[in-house]
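Participant: Dropping the structure in here first, questions after.
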Amino acid sequence: MSAAIEVVDLAVSYGDVRAVDGVNLEVAEGEFVGVLGPNGAGKTTLLELVEGLRRPDAGTVRVLGEPVWPRNPRLLPRIGVQLQASSFFERLTTREQIHTFASLYGVAPARGDEWLERVGLVDKADTRVEGLSGGQAQRLSIACALVHDPELVFLDEPTAALDPQARRNLWDLLAGINDSGRTVVLTTHYMDEAEVLCDRVAVMDAGRVLRMDTPAALVRGLDAPARITVAPGQLRLDEARGLPGVADAVESLDGVVLVTRDPARVVARLAAEDRLDGVRVQTATLEDVFLDLTGREYRA
Amino acid sequence: MTGLAPFRALSLAIVRGFLRDRASVFFSMVFPLMFLVLFGGLLGSQGQSEVDLVRVGEVALLDEMDADARAAFDDTFEVTRSDDLASAIAEVRRGDADVAIEMRGDTLVAHYTQTDQVKAAVTQGALRAFVDGTNVAQSGEPPRFALETERVEDESLDTIQFVTPGLLGWAVAMSAAFGAAATLQGWRQTKLLRRLQLAPVSTRTVVAARVAVTLGIALVQMAIFLGLGAAAFGLTLSGSWWAAVPLVVVGTLCFMAIGLLAGALARTTEGAVNAANIVVLPMAFLSGSFFDLSAAPGWLQAVSNVLPLKHLNEGMLDVMVRGEGPAAVLVPMAILAAFAVVVTLAAARIFRWETA
């Protein structure tokens, strides 16, 4: 597998702020990669550097084997971009919008119509973009990014400011877009999103990539204890503390919470005593990884 | 990678965006036309008002006039009869009439008011001419000298003739500046500019599409103005009016540049449109778009000469109604082109891709 993106020692500053501060990154072809970080972590700036919109102060970026700066017309038809804002032509309908983008890329309008169908906007085809909901606008903007069937797409916070339903709705769409071997780079500040969609995740804060790995490896690397919640009345606190494998137990509104590094053994014991009613097991998530890495409050 | 298809797609997108924006269409098309209707309709139909004349007692002079002279007299004066000189003079003093005339023997005595100096002069001159004319006629000799007057402007130079080019200049300036300012700001704010930068279209194609649409709008404005002026208000164009077309094209580019500068300076679309307004509206007043500047003080005329709109207006007046040859637009075009280049360079210098 050759690299779709190679970033070496990349840095850029705005005045005193080091927006991107010595980033190294490699994305393989066909990979779905997430860049995860709080607002202001430098995700968008990193993406803009990789897309070739900004001149880096230092370092190099190669995309699909080509340099991205200065503006590289050979590269542009091979990549698709969705920017953070809804970048649409004012007062055009959904169909006119995607047809315009199709023309800019020299693609037949019919391809635009296919994409409208794929993102579920056929019944909104004659609605002006100003009349679309947040989720519909994002779907249209993704369709516009993909209308020319690029090898690599960049999606900058596609689910920001969407309600939970619209977010999950969009995940189904996003999960399918690298089926055909397309490489996808997505920024988000939602942990669950990165966990569900991405092959690998780069955790970013203050302009640096703190760690990059698969979500599972990141969570494993954290080595955090699991938390098992037992419904109220099932277990007394002193009983709970006496169970083998339990490191600590605390009482909460939901019942007794057991903290353990050996959840399998504890659950087996609870099962043997027939105390499994309402049991909930929570292992560490990407969010825990993130908080551990940044050492700060999560500022989504 | 300049292709015809991207150019057409972008132009179409801009045209649609413009036509669907009621405020833009109103301010660039309907609003200036309202002024044209106002000036052309109201002021044009007013014409020269007649002089109210009170005829006291018998006035032999009027009765002895021949038919031609009588007709001319009736065109100038609105005659009422009275038998009481004192009340007729009181009427003139109150301003209800402009002049009262009586005969004292063979002398025509006119009691006039100086309130309206122009009317007073017209009254005295006209009455003197009628007296002289009647004297000549009575002498039986054919008159040896004749007078024929010809105005230096085109003979049909009514209000509409003066007003149409000026208002058209204002309309073109406004829509070119607003269109450029609002597009630049709007596209920058939604990051559409960035998005287009990442599409395989050259900046040249994007600029060309915007320029083409603005020029198209300007030429449509011109067609509507001249068509409506000619059809409804009796506008007659002089021979080389077509030379105004290239002039309007260069003028449009000049005001697009001013709009670009406003758009590059402002941080919001509203701010950009306001900035364009602050430049264009006072300029329209100072460039004679709404009224003739020839009576304005010298310093004001000096100021107006540094404004590009003044040169657009003057050039259009020259070829459209003053009957000058096509060469009259060359200097204004050169001035407008120079403005366009300088202002575009300034806008390019301060341009930023984003409003951050």
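Participant: Can we say A:Val219 is within 19 Å of the chain's Cα centre (by Cα) and of a type outside the set (Phe, Trp, Tyr)? Write out each step before concluding.
Facilitator: Details: within 19 Å of the chain's Cα centre (by Cα): yes; of a type outside the set (Phe, Trp, Tyr): yes.
Spelling it out, A:Val219 is indeed within 19 Å of the chain's Cα centre (by Cα) and of a type outside the set (Phe, Trp, Tyr).
Participant: Write out, first by first residue and then by second, each pair whose Cβ atoms fall under 8 Å of each other, whose residues are 6+ apart or on separate chains, and whose first residue, in the stretch B:311-328, is closer than 14 Å to B:Asp292 by Cβ while the second is modelled with pLDDT of 90 or more and aromatic (Phe, Trp, Tyr).
Facilitator: Close Cβ pairs satisfying both conditions: none exist.
Participant: Which residue is nearest to the chain's Cα centre (by Cα), if the candidates are limited to the stretch B:306-329 and must be of a type in the set (Val, Ile, Thr) and buried (at least 19 other Cβ atoms within 10 Å of the Cβ)?
Facilitator: In the first step, residues of the stretch B:306-329 are kept if they are of a type in the set (Val, Ile, Thr); the result is B:306, B:319, B:321, B:329.
Next, from what is left, pick out any that are buried (at least 19 other Cβ atoms within 10 Å of the Cβ): B:319, B:321, B:329.
Details: B:Val319: 14, B:Val321: 11, B:Val329: 17 Å.
Within the stretch B:306-329, the match that is nearest to the chain's Cα centre (by Cα) is B:Val321.
Participant: Can you confirm whether the stretch A:124-146 contains a residue that is within 11 Å of chain B (Cβ to nearest Cβ), under 18 Å from the mean Cα position of the chain (by Cα), among the hydrophobic types (A, V, I, L, M, F, W, C) and open to solvent by less than 10 Å² (accessible area, probe 1.4 Å)?
Facilitator: The answer is yes; a qualifying residue exists.
Participant: Taking the stretch A:40-54 as the region of interest, how many residues are farther than 14 Å from B:Leu198 by Cα and either assigned to a loop (DSSP other than H, G, I, E, B) or more than 13 Å from chain B (Cβ to nearest Cβ) (or both)? Lay out the reasoning, then the answer.
Facilitator: So in the stretch A:40-54, the residues farther than 14 Å from B:Leu198 by Cα come out as A:40-46.
Pick out the ones that are also either assigned to a loop (DSSP other than H, G, I, E, B) or more than 13 Å from chain B (Cβ to nearest Cβ) (or both) and you get A:40-43, A:46.
Residues meeting the conditions: 5.
Participant: When only residues in the stretch B:172-188 that are small (Gly, Ala, Ser) and buried (at least 24 other Cβ atoms within 10 Å of the Cβ) count, which is nearest to the other protein chains (Cβ to nearest Cβ)?
Facilitator: In the first step, residues of the stretch B:172-188 are kept if they are small (Gly, Ala, Ser); the result is B:173, B:175-177, B:179-182, B:186.
Keeping just the survivors that are buried (at least 24 other Cβ atoms within 10 Å of the Cβ) gives B:173, B:175-177, B:179-182.
Working: B:Ala173: 22, B:Ser175: 16, B:Ala176: 18, B:Ala177: 18, B:Gly179: 12, B:Ala180: 14, B:Ala181: 14, B:Ala182: 9 Å.
Result: B:Ala182.
Participant: In the stretch A:1-39, what count of residues is obtained for those that are over 25 Å from A:Thr159 (Cα atoms) and in a loop (DSSP other than H, G, I, E, B)?
Facilitator: 4
Participant: Here is a follow-up. Can you confirm whether the stretch A:106-118 contains a residue that is touching a His at 6+ places or on another chain (Cβ under 6 Å), more than 30 Å from B:Val25 (Cα to Cα) and assigned by TED's automatic domain parsing to the domain that holds A:Leu162?
Facilitator: If we filter the stretch A:106-118 for residues that are touching a His at 6+ places or on another chain (Cβ under 6 Å), which is where we start, we get A:107, A:109, A:112.
Still in the list and also more than 30 Å from B:Val25 (Cα to Cα): A:107.
From the residues that got through so far, the ones that are assigned by TED's automatic domain parsing to the domain that holds A:Leu162 too are A:107.
Yes.
Participant: Okay, next question. Looking at (1) under 29 Å from A:Val17 (Cα atoms); (2) β-branched (Val, Ile, Thr); (3) open to solvent by 30 Å² or more (accessible area, probe 1.4 Å); (4) not assigned by TED's automatic domain parsing to the domain that holds A:Phe32, which is the only condition A:Val250 fails?
Facilitator: Of everything listed in (1) under 29 Å from A:Val17 (Cα atoms); (2) β-branched (Val, Ile, Thr); (3) open to solvent by 30 Å² or more (accessible area, probe 1.4 Å); (4) not assigned by TED's automatic domain parsing to the domain that holds A:Phe32, A:Val250 misses just condition (1).
Participant: Follow-up question, since we're still on this one. Residue by residue through the stretch B:8-23, note down the ones that are more than 9 Å from chain A (Cβ to nearest Cβ) and either outside any helix (DSSP H, G or I) or surrounded by 18 or more Cβ atoms within 10 Å (Cβ to Cβ) (or both). Walk me through how you get there before you give the answer.
Facilitator: First, pick out the residues of the stretch B:8-23 that are more than 9 Å from chain A (Cβ to nearest Cβ): B:11, B:15, B:22-23.
Hit for the stretch B:8-23 is B:Ser11, nothing else.
Participant: For the stretch A:101-119: of the residues being at the interface with chain B (Cβ under 7 Å from one of its Cβ atoms) and open to solvent by 10 Å² or more (accessible area, probe 1.4 Å), which is nearest to the chain's Cα centre (by Cα)?
Facilitator: To start, the set of residues in the stretch A:101-119 that are at the interface with chain B (Cβ under 7 Å from one of its Cβ atoms) comprises A:103-106.
Of the ones still in play, those that are also open to solvent by 10 Å² or more (accessible area, probe 1.4 Å) are A:103, A:105-106.
Working: A:Ser103: 30, A:Tyr105: 27, A:Gly106: 30 Å.
Among those that are at the interface with chain B (Cβ under 7 Å from one of its Cβ atoms) and open to solvent by 10 Å² or more (accessible area, probe 1.4 Å), it is A:Tyr105.
Participant: Would you point out the residue of the stretch B:201-237, among those that are crowded, with 19+ Cβ neighbours inside 10 Å and outside any helix (DSSP H, G or I), that is nearest to the other protein chains (Cβ to nearest Cβ)?
Facilitator: B:Val201
Participant: Continuing with this model, one more query. On the given criteria, is B:Trp242 free of Cβ contacts under 8 Å to residues at least 24 places away in the same chain and either part of a helix (DSSP H, G or I) or open to solvent by 30 Å² or more (accessible area, probe 1.4 Å) (or both)?
Facilitator: Details: free of Cβ contacts under 8 Å to residues at least 24 places away in the same chain: no; either part of a helix (DSSP H, G or I) or open to solvent by 30 Å² or more (accessible area, probe 1.4 Å) (or both): yes.
When the stated conditions are applied, B:Trp242 does not pass them.
Participant: Only one of (1) more than 30 Å from A:Val23 (Cβ to Cβ); (2) within 13 Å of another protein chain (Cβ to nearest Cβ); (3) crowded, with 20+ Cβ neighbours inside 10 Å; (4) free of Cβ contacts under 8 Å to residues at least 40 places away in the same chain is not met by A:Val68, so which one is it?
Facilitator: (1)
Participant: Another question, then. Can you tell me which residues in the stretch B:330-356 are open to solvent by less than 50 Å² (accessible area, probe 1.4 Å) and not in a loop (DSSP other than H, G, I, E, B)? Reasoning before the result, please.
Facilitator: The initial filter retains those residues of the stretch B:330-356 that are open to solvent by less than 50 Å² (accessible area, probe 1.4 Å), namely B:332-333, B:336-337, B:340, B:343, B:346-347, B:354-355.
Result: B:Pro332, B:Met333, B:Leu336, B:Ala337, B:Ala340, B:Val343, B:Ala346, B:Ala347.
Participant: Looking at A:Gly233 and the list (1) at pLDDT 85 or above; (2) over 30 Å from A:Ala194 (Cα atoms), which single condition is not satisfied?
Facilitator: The number of the failed condition is (1).
Participant: Another question, if that's okay. Taking the stretch A:185-209 on its own, how many of its residues are assigned to a strand (DSSP E or B), modelled with pLDDT of 90 or more and either out of contact with any Gly (no Cβ under 9 Å at 6 or more places or on another chain) or of a type outside the set (S, T, N, Q) (or both)?
Facilitator: Of the stretch A:185-209, the ones assigned to a strand (DSSP E or B) are A:185-188, A:200-205, A:208-209.
So of that shortlist, the ones also modelled with pLDDT of 90 or more come out as A:185-187, A:200-204, A:208-209.
Those left that are additionally either out of contact with any Gly (no Cβ under 9 Å at 6 or more places or on another chain) or of a type outside the set (S, T, N, Q) (or both): A:185-186, A:200-204, A:208-209.
Going through the stretch A:185-209 one residue at a time, the tally reaches 9.
Participant: Can you tell me which of (1) more than 14 Å from chain B (Cβ to nearest Cβ); (2) assigned to a helix (DSSP H, G or I); (3) open to solvent by 10 Å² or more (accessible area, probe 1.4 Å) is the one A:Gly59 doesn't meet?
Facilitator: (2)
Participant: Could you tell me which numbered condition A:Leu237 fails, if it satisfies all but one of (1) in contact with an Asp or Glu (Cβ under 8 Å, 6 or more places away or on another chain); (2) surrounded by 14 or more Cβ atoms within 10 Å (Cβ to Cβ); (3) not assigned by TED's automatic domain parsing to the domain that holds A:Glu51?
Facilitator: (2)
Participant: So which helices (runs of 4 or more DSSP H) are wholly in the stretch A:79-184 and hold at least 1 residues that are under 24 Å from B:Ala182 (Cα atoms) and not β-branched (Val, Ile, Thr)? Before the answer, list the steps.
Facilitator: Details: elements: A:94-104, A:109-118, A:134-146, A:164-176.
Output list reads A:94-104, A:134-146.
Participant: Look through the stretch A:54-83, keep the residues that are at pLDDT below 90 and hydrophobic (A, V, I, L, M, F, W, C), and return whichever of them is farthest from A:Val196 (Cα to Cα).
Facilitator: A:Trp69
Participant: Mind listing just one residue for me: the one in the stretch A:71-93 that is β-branched (Val, Ile, Thr) and more than 7 Å from every other protein chain (Cβ to nearest Cβ) and, of those, nearest to the chain's Cα centre (by Cα)?
Facilitator: If we filter the stretch A:71-93 for residues that are β-branched (Val, Ile, Thr), which is where we start, we get A:79, A:81, A:93.
Subset that is more than 7 Å from every other protein chain (Cβ to nearest Cβ): A:79, A:93.
Working: A:Ile79: 19, A:Thr93: 29 Å.
Top of the filtered list is A:Ile79.
Participant: Let me ask something additional. List the number of the failed condition for A:Thr159; all other conditions in (1) at pLDDT below 95; (2) within 14 Å of chain B (Cβ to nearest Cβ); (3) touching a strand residue (DSSP E or B) at 6+ places or on another chain (Cβ under 7 Å); (4) farther than 21 Å from B:Leu198 by Cα hold.
Facilitator: Status for A:Thr159: all satisfied but (2).
The values are calculated or read from the model by the stated rules, or taken from the named source; none is laboratory data. Treat the numbers as computed from the prediction; the structure is a model and nothing was measured. We place every Cβ from the backbone using ideal geometry, glycine too, and count neighbours over all the protein chains shown. Calculation scope for accessible area: heavy atoms of the full protein, side chains included, ligands and nucleic acids excluded. Shrake-Rupley method; radii C 1.70, N 1.55, O 1.52, S 1.80 Å.
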